[in-house]
Amino acid sequence: MERKEYTYTEKKDTRSGFGEGLYEIGGKNKNVVALCADLTGSLKMNQFKNDFPERFFQVGIAEANMMGIAAGMTIGGKIPFTGTFANFSTGRVYDQIRQSIAYSGKNVKICASHAGITLGEDGATHQILEDIGMMKMLPDMTVINPCDYNQTKLATIAIADHIGPVYLRFGRPKWPIFTKENENFIIGKAIKFIEGRDVSIFATGHMLWQALEAEKLLYKMGISSEVINIHTIKPLDKDAILKSAKKTGHVVSCEEHNVIGGLGESISRLLSENNPCPMKIIGVNDTFGESGKPLDLLEKYKLDPNTIKKAVTDLINSK
């Protein structure tokens, strides 16, 4: 069985991938417009603003108003990309998203930076860990959580062609770049990174790199791990998940999100209905975050490679 070991030569924040992708599609599609809630630099939207000023709208610290404006713009055929922190993109404006965008089926792309605890020093008030659950429960909302700079750029470009509301989640810290610049990104299609036989590790966002690091530790122990990138949480790639789970018989999911309401719950529901098997969910255990360095927080909240390794070994040894 072929095994590829992933490495990296550069780190770059995923929010920069969003900024680059937005700028690229802005140059190709005149219907693409961008709205920001006073965080242009943080969302890496300056290049779009500078080169396409007539299509950039700074709404100020008025996120609810931004969602309403974006919904209205779609009526005229525009493709609005809204930009602010994930906490303000969801928790602060949930009513506007539910009523004006999701219920109304508006073609708005909700682009959310600084998600998860890797936001770091800004602390619990900004480290939203409930956003995936909130957004995936909205009918017809597509939810995407890419893993590195390259994939975030590709996802940003891809959602411009998707008809319907999208929630695109990305982060603040510099993170390893380990995917290809020209990799084919298909919404709703998982990507298998490593073929394995003993356990299926399904990871999303920053946690994919943590899963790949855990795979190396497990390989040294003689455990063969199948690592699959679930970049699209909704619609979930049910076929890929079930095929892998049936092969390995053990499942671990990894997400930088509350264990309640996230990727792990979606996978566990799918398995319980189609292929029950032992499973562990790696995520934040129903608590708020705190201020700290991103890697320190990942370790404290047990989102690190050693925790994934232990979850796998516990599963296998429990049989």
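Of everything in the range 125-152 that's part of a loop (DSSP other than H, G, I, E, B) and among the polar types (S, T, N, Q), which residue is surrounded by the fewest Cβ atoms within 10 Å (Cβ to Cβ)? Can you show your working first?
Narrowing the range 125-152 to residues part of a loop (DSSP other than H, G, I, E, B): 125-130, 137-141, 145-148.
From what is left, the residues that are among the polar types (S, T, N, Q) are 125, 127, 145.
Working: T125: 10, Q127: 26, N145: 34.
Restricting to residues being part of a loop (DSSP other than H, G, I, E, B) and among the polar types (S, T, N, Q), the top hit is T125.
Check the range 66-86 and report whether any residue there is of a type in the set (S, T, Y), in contact with a strand residue (DSSP E or B) (Cβ under 8 Å, 6 or more places away or on another chain) and in a helix (DSSP H, G or I). Within the range 66-86 (the criterion being of a type in the set (S, T, Y), in contact with a strand residue (DSSP E or B) (Cβ under 8 Å, 6 or more places away or on another chain) and in a helix (DSSP H, G or I)), the answer is yes, since at least one residue qualifies. For G164, the conditions (1) touching a strand residue (DSSP E or B) at 6+ places or on another chain (Cβ under 9 Å); (2) at negative phi; (3) of a type in the set (G, A, S) are fulfilled apart from (2). Just so you know, in the range 99-124 the residues that are touching a Gly at 6+ places or on another chain (Cβ under 7 Å) and without any contact (Cβ under 8 Å) to a residue 60 or more places away in the chain include one that is surrounded by the most Cβ atoms within 10 Å (Cβ to Cβ), and it is N107.
Pairs meeting the criteria (first residue in the range 145-165 and more than 20 Å from G262 (Cα to Cα), second residue acidic (D, E) and assigned to a helix (DSSP H, G or I), beta carbons under 9 Å, at least 6 apart or on different chains) are Y149/E20; K153/E20; K153/E24; T156/E20; T156/E24; I157/E24.
Based on what the data block shows, is E215 touching a residue at least 12 places away in the same chain (Cβ under 8 Å), in contact with a Gly (Cβ under 7 Å, 6 or more places away or on another chain) and among the charged types (D, E, K, R)?
Numbers: touching a residue at least 12 places away in the same chain (Cβ under 8 Å): yes; in contact with a Gly (Cβ under 7 Å, 6 or more places away or on another chain): no; among the charged types (D, E, K, R): yes.
Against the criterion (touching a residue at least 12 places away in the same chain (Cβ under 8 Å), in contact with a Gly (Cβ under 7 Å, 6 or more places away or on another chain) and among the charged types (D, E, K, R)), E215 does not qualify.
Take G262 and decide whether it is within 18 Å of P173 (Cα to Cα) and out of contact with any His (no Cβ under 8 Å at 6 or more places or on another chain). So G262 fails the test. The residues in the range 267-305 that are farther than 26 Å from A245 by Cα, out of contact with any Phe, Trp or Tyr (no Cβ under 9 Å at 6 or more places or on another chain) and of a type in the set (G, A, S) can be counted, and the count is 2. Taking the criterion of being part of a loop (DSSP other than H, G, I, E, B), touching a Ser or Thr at 6+ places or on another chain (Cβ under 8 Å) and of a type outside the set (D, E, K, R), the residues of the range 1-46 that qualify are M1, A37, L39, S42, L43. The residues of the range 54-65 that are of a type in the set (A, V, I, L, M, F, W, C) and in a loop (DSSP other than H, G, I, E, B), listed by number, are V59, I61, A62.
Beta carbons closer than 8 Å, at least 6 apart along the sequence or on distinct chains, pair a first residue in the range 69-88 that is touching a residue at least 60 places away in the same chain (Cβ under 8 Å) with a second that is crowded, with 20+ Cβ neighbours inside 10 Å and of a type in the set (D, E) for A86/D131.
Selection within the range 10-59: residues that are among the small types (G, A, S) and farther than 20 Å from S89 by Cα. The member of this set that is nearest to the chain's Cα centre (by Cα) is G26.
FYI, it's all coordinate maths here, none of it is from the lab. Not measured: the values here are computed from a predicted model. With ideal geometry, Cβ positions are generated from the backbone for all residues, glycine too; neighbour counts draw on all protein chains shown.
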